[in-house]
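The values are calculated or read from the model by the stated rules, or taken from the named source; none is laboratory data. Just so it is clear, the model here is predicted, and its values are computed rather than measured. Glycine gets a Cβ as well: all are built from the backbone with ideal geometry, and neighbour counts include every protein chain shown. Ligands, DNA and RNA are stripped out before the accessible areas are found, and what is left, the full protein with its side chains, is counted by its heavy atoms. Shrake-Rupley method; radii C 1.70, N 1.55, O 1.52, S 1.80 Å.
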Amino acid sequence: MIRAAALRLKGHVRRTPLLNSSFVDEIAGRRVWIKTEALQHTGSFKFRGGWSAISALSPEVQKAGVIAFSSGNHAQGVALAARMHGTKSVIIMPSNAPRLKVENTRALGAEVVLYDRDTEDRQEIGLSLSQARGLTLIKPYDEPEVIAGQGTCGLEIAEQAAEIGLAAADVLVCCGGGGLTSGIALALEADAPLMRVRPVEPTDFDDVTRSLETGIPQINSRLGGSICDAIVTPTPGVLTFPIMKRLCGAGIVMSEEDCLRAMSVAFARFKVVLEPGGAIALAAALYHSDSLSGEDVVCIASGGNVDAEMFSRALTDHPCI
């Protein structure tokens, strides 16, 4: 399914660069490579899964329209993919989502429905609207074609690593529900088996890390309150967790301040703009190196949809000299 998704994505998705900086290597104590998915269409890897899912639908189903729920990145990926396929999209977003993400989703032609993350269930809202309006629900991570689309990022990593002679590495993935993490893990299992995926999560929202430790899906005690909004989910996906349990190494948990520090480093050394959740894998490489092994680490820079105020905070509070 991942290889089939790659064929459908060909000519529509960007093959994002794999970048290295000697300045960053010095901080981390090993070679650090970042896969810059923040440069993907809509500013995150989510366009891959959105295009994969919509392109797999029949023309009749596409015509009826699609619906998705998201804090912002999946929203934009689905909205753009829907527009490019000539179909309508309805996106359910938390009322406290970053303003930039809400505005961008609307600008891409989607109808945005806001909800209270703390008191309402986005899945219930999505199912209700999809049934009432005949829309196809595209889940953000627990959907086979979405996982397949995100897995195309892993195919690219394997190709790019081979081009530079890199066979073995820890691959750090910004992890929410696990769609990107499981998709990349599946792709690397086939094309770069010496690479090991490690999910990275924010403090207090480490459901995947705890689930991998216990072998049983764990639930976060709250659903909001993190600047890493892009990767805050209640629990690992039903489809994604078994894949991560089989293929991934231990999770890594990072603080919000370390994410902000990594945002500053990414801008100073790579000239790449990242949002907090999109910088968390780089943060793990820079500030949690004791949990890594080997000479190389690959970090997914998963998204760059950050409000000006948050980006300014990262640069001001953590200047990278």
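Some observations on this one:
- Under the shape rule built on the C-alpha gyration tensor, where the axes satisfy a ≥ b ≥ c, the range 71-218 is prolate, since a/c reaches at least 1.5 and a/b is greater than b/c.
- Centroid-to-centroid, using Cα positions, the range 267-300 and the range 1-77 are 18 Å apart.
- Percent of alpha-carbon pairs separated by more than 38 Å within the chain: 7 percent
- Between Val197 and Val171, Gly249, the built amide H atoms are under 5 Å apart, and every one of these is 5 or more places off in sequence or on another chain.
- Counting Cα-Cα pairs of the range 254-321 in 5 Å increments starting at 0 gives whole-percent bin shares of 3, 20, 31, 25, 13, 5, 2, 0.
- Karplus (6.51, -1.76, 1.60) ³J(HN,Hα), θ = phi - 60°, over the range 303-308, in Hz, Gly and Pro reported as x: x, x, 8, 10, 5, 4
- Contact order normalised by residue count of the range 29-154, Cα under 8 Å, 6+ apart, percent: 30 percent
- Result for the chain in a Gaussian network model with C-alpha springs under 10 Å: among Phe69, Phe270, Phe205, the largest mean-square fluctuation is at Phe270.
- Comparing Gln62, Gln218, Gln131 in a Gaussian network model of the chain (Cα springs below 10 Å), the most mobile by mean-square fluctuation is Gln131.
- Pair Phe23, Lys63: separation of 7 Å Cα→Cβ label points (nm): 5.4 nm
- Most mobile of Glu145, Glu201, Glu103 in a GNM of the chain (Cα contacts under 10 Å): Glu103
- Environment charge of Pro140, counting only residues whose C-beta is closer than 11 Å and scoring Lys/Arg +1, Asp/Glu -1: +1
- Around Ala168: net Lys/Arg minus Asp/Glu count, Cβ-Cβ under 11 Å: -2
- Annotation: extensible slack from Arg133 through Ala190 equals 16.5 nm (criterion: 0.36 nm per residue apart, minus Cα-Cα distance).
- Shape category assigned to the range 1-111 from the gyration tensor of Cα positions, a/c cut at 1.5: oblate
- If the chain linking Ala4 and Ser255 were pulled fully straight, counting 0.36 nm for each residue of separation and taking away their Cα-Cα distance, it would gain 86.6 nm.
- Farthest toward the positive end of the dipole of the range 68-189, out of Gly179, Thr136, Asn104, is the Cα of Asn104, where the dipole comes from beta carbon charges about the Cα centre.
- The H on the amide N of Val113, modeled in the peptide plane, is under 5 Å from the matching H of Ile91, Ile92, Met93, each at least 5 residues off or on a different chain.
- For the range 215-310: rounded, prolate or oblate by the Cα gyration tensor [a/c cutoff 1.5]: oblate
- Phi-derived couplings, Karplus 6.51 cos²θ - 1.76 cosθ + 1.60 at θ = phi - 60°, listed residue by residue for the range 240-245: 7, 4, x, 5, 5, 4 Hz, with x used for Gly and Pro.
- Computed FRET value (nearest 0.05) for Leu315 with Leu247, which takes r as the C-beta separation and R₀ as 35 Å: 0.45
- Here the calculated FRET efficiency for Glu213 and Met84, from their Cβ-Cβ distance with R0 = 41 Å, stands at 0.50, rounded to the nearest 0.05.
- Surface share of carbon and sulfur [accessible, 1.4 angstrom probe, percent] for the range 93-250: 52 percent
- For Lys245, a cut-off of 13 angstrom between C-alpha atoms picks up these aspartates and glutamates, skipping any fewer than 8 places away in its own chain: Asp207, Glu213.
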